[in-house]
Every structure is written in C-alpha cells, then in structure tokens.
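Everything on this sheet refers to the single structure shown next.
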Amino acid sequence: MDNIPIYIITGFLESGKTTMIREMLTDEYFTGGERTLLLQCEEGEEEFDAELLKKANAVKVDVDSIEDIEGGLMRRLAREYKPERVIIEYNSTWTLLRLFNAPKPEEWELAQLVCMVDSTTFEMYLNNMRQFMTDGLQLADAVIFNRCTETTEKSRYRRMVKAMNGNCDIIFDNVDGTSDDGVADEDLPYDVKADVVRIGEEDFGIWYLDALEHPDRYDGKKLRVTAKAYRVKDLPPNCFVLGREAMTCCANDIGGIGFICTVKGNLPEPDQWLDFTVKAQKGYSMLHDRNAIILVLDKVSAGKAPKENLVYFNR
C-alpha cells in the first residue's frame, strides 16, 4: 500500500494555522484532486467553509481532546474515510510527543511539520509558555513567522529559532504580502571585511549560527575569537573543537557549540579560556554532518574569561 502523507500544522492560537491550511487546500498542485482528511484540533477565528472543503475533496473532523487521538481515532477515521492525504491542525498545548506516540495506520507517514508563529506575540509566549512554544519550534521542518513589519526583529528571531532547530527553514511573511527568509536583514556586529575578523565574546552565538548557514561568507577569512578547546571523541588526532557552552532553549538545555579546528603540533590545553587566531575554510564538518567551516589554527595564547560563561541567542 502506498504511504499516505501527514502534514502537521502547529502553533499557538491565532498564529495563522487555519489560513495556512486554507491555502494548502486551494492549491490544486498540492491537492491534486485526492481525498484529504483534515483533523482540526482547536477552533480559531478562521473557519473552513463547506464549499472550500467540497472543492478540495476534503472532509473535516473536529477533535476535542488528545485523549481521542490516543484512543485510536486516526485508525477509525482511516477506515471510515480512506484518505489519500492527512492534514492535522494541531493544538500546541497537547505536545507533539503525545501525537507521535498515538496509534495510527501503518501507511500514514509524516511528510512535513510546519510551526506557525505570530511575530507580534512570539516573545511573550516564549517567555511565559516556553515549554509549549518550543515544542513545535524544535521539531518543525519549517517555521513561518507571520504579521511581520519593518520593526520585526527578524535577525534575532531567526537566531533564537536556529539555536533550537538548526535544520528548519524559516520564512517571514510580511503584512504587505511579501515574504523573505530574514537573511538579508542580518546585521552582523563585526566587520567580515576586516583583515582579521574579531568575534567579540557577546557575538560568539551570532557568528556560530551565521557561519553554519553561510560558510561562504567566512571561507578564507582570518578570525580571532576567545573560546575553549574541547576534545571530542572520533575526531582525528590533530583536531579539537573550538567552542563554548550555550543555552539553546532553556536553563535545562545547555550544550557545546563550535567548529572543528585543525592544528600542527600539540593540541591546546582543554578547559581554559584561550585567544585563538584561525583561518576558516568552507568544507564538510563531521561534527555537524553538513557543510560548514573548518578552522585552521594559526596561533593561540591565554585568553580572558568572558563576562558570561554561557552563549545566549536571544540578543
């Protein structure tokens, strides 16, 4: 039996989930005339009218509680409607783990998870309901910020999401009808055209995320940065990780970030603050399993501990 794709659209109430799904259902290239089962797990301001559902060959089922889904609802609906595609407008307060663990037909397979975000309430929800807010952000294939204006801090929001989920695509939908990925809005706090690019202690996180996304920007550049040398298992003997510890999501989610650095001779002493001068080269990083930058050590000396030991991404 062919796999039946599941599209999960999650996000807080009034984040634009229903509007997103309506656009999906009106896209003939997406629907292709196939039968769509839409599970609506919360009722928002926008609704699906009967004419739209009929034209899209879709049937909508309202879901009152996560317990219904955990009780085998998806299997029962599969037998009743025999859908060729499934869209779930998911209630983010139910948490995705409960959905993933719920029984479903074997042929149902997750195709895409999209997290919708209202840019005007993003930080308020993140500060007050972090567990629910980060649930979708950490697992999404795509994160879409809507209601963006000229004052939306796209660079900062992008960094905050990328720190939680480095593999997702991020799109900013503007109130004027345009959209962008926020990259052009980047305002780097250091001069990438300098002979030696000085990465300040408060800029380590910005540099790390930007270099992951745009390794071309740093290819061939000489950099100076204060960090630590970490010995990581399975790296070649002439390599270490030049990095720092970072708070990627919350106080309980702290981990190391950095880049592989090669050295001729002895490795730098671990667990010390050191001042590194390195040359960056674009290449495959086994640490990140993707193209990034590889650093080549030029010189190293004792460094001064930063004011804050942890790197933060909300600045």
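Before moving on, here are some points about what is shown:
- Taking other C-beta atoms within 10 Å as the exposure proxy, LEU188, LEU297 rank LEU188, LEU297 from fewest upward.
- Charge dipole of the range 4-185 about the Cα centre (unit charges at C-beta), most positive-ward option of GLY72, PRO83, THR149: GLY72
- HN-Hα J in Hz across the range 307-312 - Karplus 6.51, -1.76, 1.60, θ = phi - 60°, x for Gly and Pro: 5, 10, 5, 8, 8, 10
- In terms of its C-alpha gyration tensor, the range 196-302 comes out rounded, because the ratio a/c of the largest to the smallest axis stays below 1.5.
- One decimal place: the segment ASN3-ALA50 gains 14.2 nm when fully extended, by the rule 0.36 nm per residue minus the C-alpha distance.
- Whole-Hz ³J(HN,Hα) from phi, Karplus 6.51 cos²θ - 1.76 cosθ + 1.60, for the range 228-239, glycine and proline x: 10, 9, 10, 8, 10, 4, 6, 6, x, x, 9, 10
- Binned Cα-Cα distances of the range 4-185, short to long, each 5 Å bin given as a whole percent: 1, 8, 17, 21, 19, 16, 10, 6, 2, 0
- For the range 94-111, backbone nitrogen atoms closer than 17 Å to the point 7 Å from ARG75 Cα along Cα-to-C-beta are found at 99-109.
- Dipole in debye (nearest 20) - the range 4-185, about Cα centre, beta carbon charges: Lys, Arg +1; Asp, Glu -1: 540 debye
- For TRP108, the residues whose amide H sits under 5 Å from its own are ILE4, ignoring neighbours fewer than 5 places away on the same chain, with H placed 1.01 Å from N.
- For the chain, built as a Gaussian network whose Cα springs stay under 10 Å, the top-fluctuating residue of ASP176, ASP62, ASP298: ASP176
- ASP298 long-range amide H proximity, modeled H, under 5 Å: THR277, VAL278, LYS279
- Placing +1 on the Cβ of every Lys and Arg and -1 on the Cβ of every Asp and Glu, with nothing else charged, gives the chain a dipole about its Cα centre of roughly 1660 debye.
- Label-point gap, in nm, between GLN281 and ASP253 - each point 7 angstrom along Cα→Cβ: 3.5 nm
- Amide H within-cut-off set for ILE87, under 5 Å, with H built and near neighbours excluded: TYR7, LEU37, LEU38, LEU39
- Charge dipole (the range 4-185, unit charges on Cβ, about Cα centre) - positive-most of ALA56, PHE172, TRP108: TRP108
Each reported figure results from applying straightforward, stated rules to the coordinates on display, with no laboratory input. Here the structure is a predicted model, which is why all the values come from computation and not from measurement. Here the Cβ is made from the backbone with ideal geometry for all residues, glycine too, and neighbour counts use every protein chain on show.
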